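Asker: This is the structure, below, for whatever I ask next.
The values are calculated or read from the model by the stated rules, or taken from the named source; none is laboratory data. All values reported here derive from a predicted model rather than from experimental measurement. Cβ placement follows ideal geometry from the backbone for every residue including glycine, while neighbour counts extend to all protein chains displayed.
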Amino acid sequence: MRYNMLVFSMLFAVGLLLANGISYSYDRAIEAEMADTIEAPMVIAEDGEASGGKFIWMPGEPATGGGGEGWAEFVIDIPAAGTYALWGKVIAWDGNSDSFWVTWQPADPDENPQDTNNNHFRWAVAGGEAWHWDRINHWLDNNDRLDREWDFNKAGETVLRIGVREDAAMLDVIFITDNLSADEAEVSLRDPGPEDATPVEPREKLTTTWGKLKAQR
Ligand SMILES: [Ca+2]
Ligand SMILES: [Ca+2]
Ligand SMILES: [Ca+2]
């Protein structure tokens, strides 16, 4: 009997460790239309199929050129130093409407690729006329499309800017994760839900509890 209890306790402890290990990760989904700043001609538009019923784009007709102006900026608090990846839920209906510019400061410099045309910040969006996920890449001169990663050396405020490169490219949701897998099935991509609401600061909660405990002594 005692032996069973011991085995049970050990299994329980191992289970807890595993659960904590697996849950040690960060991700967050943000509606594109919830950007902190949206600069025209990037605008919010409505679509019943989009998450939240809305998306952002620079309006344009199919198979026509144009773009290079307007952007959306997101102020994002990251919880810890580390390496992060971004995914976008997008529609790109033709080769003239399938790219954005992406900078994420302070990992990226304060540079406006709409002025500099720096391909390091050019995101070649995977084509498709229905909403689909695409890992944010950079599309380099030799036509390589390499998945991007951003290193932040401390927690805190970051600024993500999605700039128009080609008009009519559409963005519905941004997904931030420290899971660097390129395999869509291994990343828990999702539309924004309750878990993505502005998080309560757990450290503050702990401090309060600890303070109360000390006061009760
Ligand atoms: Ca293109
Ligand atoms: Ca276009
Ligand atoms: Ca949306």
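Asker: Just one of the numbered conditions (1) more than 15 Å from ligand 2 (Cβ to nearest atom); (2) outside any strand (DSSP E or B); (3) over 23 Å from VAL75 (Cα atoms) is not true of HIS132; which one?
Answerer: Only one criterion in (1) more than 15 Å from ligand 2 (Cβ to nearest atom); (2) outside any strand (DSSP E or B); (3) over 23 Å from VAL75 (Cα atoms) is unmet by HIS132, namely (2).
Asker: Go through the range 87-104 and count every residue that is part of a strand (DSSP E or B) and buried (at least 22 other Cβ atoms within 10 Å of the Cβ).
Answerer: The qualifying residues number 10.
Asker: Going through the range 100-125 one residue at a time, which ones are in contact with a Gly (Cβ under 8 Å, 6 or more places away or on another chain) and not aromatic (Phe, Trp, Tyr)?
Answerer: VAL102, THR103, ASN112, PRO113, GLN114, VAL125
Condition check ((1) modelled with pLDDT of 95 or more; (2) farther than 13 Å from SER99 by Cα; (3) part of a strand (DSSP E or B); (4) under 15 Å from the mean Cα position of the chain (by Cα)) across all residues:
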{"residue": "ALA126", "(1), (2), (3), (4)": "yes, no, no, no"}
{"residue": "ASP141", "(1), (2), (3), (4)": "no, yes, no, no"}
{"residue": "LEU171", "(1), (2), (3), (4)": "yes, no, yes, yes"}
{"residue": "ILE176", "(1), (2), (3), (4)": "yes, yes, yes, yes"}
{"residue": "PRO192", "(1), (2), (3), (4)": "yes, yes, no, yes"}
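Asker: Moving to a separate point now. Please go through (1) assigned to a loop (DSSP other than H, G, I, E, B); (2) at pLDDT 95 or above; (3) within 16 Å of ligand 2 (Cβ to nearest atom) for ILE56 and return the number of the only condition it doesn't satisfy.
Answerer: The failed condition is (1).
Asker: Can we say ILE162 is within 15 Å of TYR26 (Cα to Cα), under 12 Å from the mean Cα position of the chain (by Cα), β-branched (Val, Ile, Thr) and surrounded by 17 or more Cβ atoms within 10 Å (Cβ to Cβ)?
Answerer: Criteria not met by ILE162.
Asker: Just to verify a result, which residue in the range 28-60, among those that are crowded, with 20+ Cβ neighbours inside 10 Å and among the acidic types (Asp, Glu), is farthest from the chain's Cα centre (by Cα)?
Answerer: That would be GLU33.
Asker: Tally time: how many residues in the range 61-76 are within 23 Å of the chain's Cα centre (by Cα), surrounded by 13 or more Cβ atoms within 10 Å (Cβ to Cβ) and farther than 15 Å from LEU171 by Cα?
Answerer: Going through the range 61-76 one residue at a time, the tally reaches 3.
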